[in-house]
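See structure below.
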Amino acid sequence: MKILQLIDIPWDSGLAHYALTLSVGLKKRGHQVYISALPGAKPWAKAKRLGLRTVPLATLKTLTSLRRFLKKHHIQLLNAHTGSTHSLAVAATMGQKVAVVRTRSDARTVKKKIGGQWLFKHTQRVIAAADYIHQEYLTSLKLKPSKVVTVYQGIDLDPFHVAPLPKIPIAGIVARLDPVKGHQYALEALLLIKDVYPQFRLRIIGQEENIKQHELESMAGEMGLSDRVSFLGWQKDIPSQMAMCSFGIIPSIGSEAVSRGALEWMAAGRPVLATRVGCLPELIQEGNNGLLVEAENAVAIAGGLNRFLHNPDQLDTMGKNAREMVENQFSFDHFVEKSESVYQDALADVQ
């Protein structure tokens, strides 16, 4: 297949990661994949690093040039990853036998919009990155069930090796420093249990985004947690960082439509304490590979920490269950193969 992926966001979000890693997998399976993105933006730069062909993103004003590109390169399918690129894709393919797929891997609620019915009439398939997104398309937009397919992001398991648990209990948070990731609630939860588990330590890993590291460090200091929490900033080798921890914490208050972090913890053979947001309830099976708690609730997170720390023997079993689940359901090959199948069905509709 000859495929054009449309990504118009400027940052390397979960949405961009979903699209670019899929494109790498499709390329390895022999498909010709082009990435249409904003020149100089992070998805554009990342696509270059991954060895993917890049094309400057068109707009409705430059629609004619995009239509010429489709004909010149015999593009068979456009995959739009945002609402604006969805409109662009449908407009560009009018009158051509080119399939349109709309992938939604962001956490915003699916809502009816003016012109939406017309857009989806000319869209062959919708890929939802989680079942809760899938359900929103069925209930909010009344799309036919045959038109919407859930395709969870997959993960390359090769970099992850299950290491023995550390001798002292250590938890990790691997996420960008952003209020939506809920670091504050994790610190407040640690404060509630610090006297009960004096050996327990927390490692916070992630680059600054909408909150500065020194702000979180100051918060931890004011709580008397400076000796309990390590702030490690951005780290290149995430698998080795996760291997140093007993379990992962995802205290997000939103986001997590595609929880790469949860899959990485599972691939590392570590259970996850997560909030009930986004796709996390679909990945974390209570008591089997982790625990689920309410978001924006330090007391609930502290309760989850207490369950893990009071019963350390369960961490090893849950970690093994987590690794087994990601091997069976969320492998990278499965992700690419299922996406490829959706593309083929979309092509069949237009041919």
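Starting at the first residue of the range 7-21, write each ³J(HN,Hα) from the Karplus equation 6.51 cos²θ - 1.76 cosθ + 1.60 with θ = phi - 60°, in whole Hz, x for Gly and Pro.
9, 10, 8, x, 10, 8, 8, x, 4, 5, 4, 4, 5, 6, 5
Grab the Cα-Cα distance for residue 306 and residue 327, subtract it from 0.36 nm times how many residues apart they are, and report the gain in nm with one decimal. Write down the numbers at each step before the final one.
Details: separation 21, 0.36 × 21 = 7.56 nm, distance 2.83 nm.
Taking 0.36 nm per residue and subtracting the Cα distance, the gain is 4.7 nm.
Take every Cα-Cα pair in the range 170-329 and report what % of them are more than 19 Å apart. Present the calculation step by step, with values, prior to reporting the outcome.
Numbers: 6179 of 12720 pairs.
Cα-Cα pairs in the range 170-329 separated by more than 19 Å: 49 percent.
If you wrap a convex hull around the alpha carbons of the range 157-231, what volume per residue comes out, as a whole number of Å³?
On the way: hull volume 7.6 nm³, N = 75.
Convex hull of Cα atoms, per residue: 101 Å³.
By a straight-distance test (C-alpha under 23 Å), which lysines pair with residue 111 as possible cross-link partners, with residues fewer than eight away in the same chain excluded?
Residue 111 reaches 121, 142, 144, 147.
Determine, for each peptide in 119-131, 235-247, the mean count of other beta carbons within 10 angstrom over its residues, then list the peptides with the highest first.
Values: 119-131: 20.2, 235-247: 17.3.
Descending mean neighbour count gives 119-131, 235-247.
Putting +1 on Lys and Arg Cβ atoms and -1 on Asp and Glu Cβ atoms, find which of 343, 69, 21 reaches farthest to the positive end of the dipole of the chain.
The residue sitting most towards the positive pole is 69.
Once each part is reduced to its C-alpha centroid, what is the distance from the range 133-169 to the range 104-128 in angstrom?
Rounded to whole Å, the Cα centres lie 19 Å apart.
Per DSSP helix of 4 or more residues, -39500 (n - 2.57); summed, then divided by the residues of the chain. What does that give at 222 nm, rounded to the nearest 500? Present the calculation step by step, with values, prior to reporting the outcome.
Numbers: 14 runs with 148 residues, N = 351.
Helices in the chain give a 222 nm mean residue ellipticity of -12500 deg cm²/dmol.
Looking at the chain as a GNM with Cα springs under 10 Å, which of 82, 150, 109 has the largest mean-square fluctuation?
109
Just rank 2, 113, fewest to most, by other beta-carbon atoms within 10 angstrom.
On the way: 2 14, 113 11.
By the 10 Å Cβ count, ascending, the order reads 113, 2.
Mind jotting down the distance between the C-alpha centroids of the range 200-229 and the range 1-67, whole Å?
When both Cα centres are located, 35 Å separates them.
Sequence-distant or interchain residues sharing an amide H contact under 5 Å with residue 331, placed H: which?
Under 5 Å from the amide H of residue 331: 155.
Excluding same-chain residues fewer than 8 positions from residue 97, which aspartates and glutamates have a Cα within less than 19 Å of its Cα?
Excluding near neighbours in sequence, the set is 340, 345, 349.
Only Lys, Arg, Asp and Glu count, each charged at its Cβ (+1, +1, -1, -1), so figure out the dipole size of the chain about its Cα centre, rounded to 20 debye. Spell out each step's value before the answer.
Numbers: 42 positive and 32 negative charges, 422 e Å.
Result for the chain is approximately 2020 debye, rounded to the nearest 20.
Tell me, how many Å apart are the Cα centres for the range 313-348 and for the range 250-294?
So the two Cα centres are separated by 15 Å.
Can you compute 3J(HN,Hα) from phi for each residue in the range 202-214, using the Karplus curve 6.51 cos²θ - 1.76 cosθ + 1.60 with θ = phi - 60°, rounded to whole Hz and x for Gly and Pro?
So the J values, rounded to whole Hz, are 10, 10, 10, 10, x, 7, 5, 9, 9, 8, 7, 4, 5.
Sorted from largest down, give the three principal axis spans of the alpha carbons of the range 1-155, whole angstrom values.
38, 37, 27
Give the whole-number value, in cubic angstrom per residue, of the convex hull volume spanned by the C-alpha atoms of the range 124-189. All intermediate terms of the calculation are to be shown ahead of the outcome.
Numbers: hull volume 11.9 nm³, N = 66.
Cα convex hull per residue, to the nearest whole number: 181 Å³.
Fully extended, how many nm does the chain gain between residue 111 and residue 299 (0.36 nm per residue separation, minus their Cα-Cα distance)?
Values: separation 188, 0.36 × 188 = 67.68 nm, distance 3.30 nm.
Extra length available between residue 111 and residue 299 comes to 64.4 nm.
All of the numbers you see were taken from the coordinates with simple rules; none came from a lab. Predicted model, so just to flag it, every value in this text is computed and none were measured. Don't worry about glycine lacking a Cβ; one is built from the backbone with ideal geometry, like all the others, and counts go over all protein chains shown.
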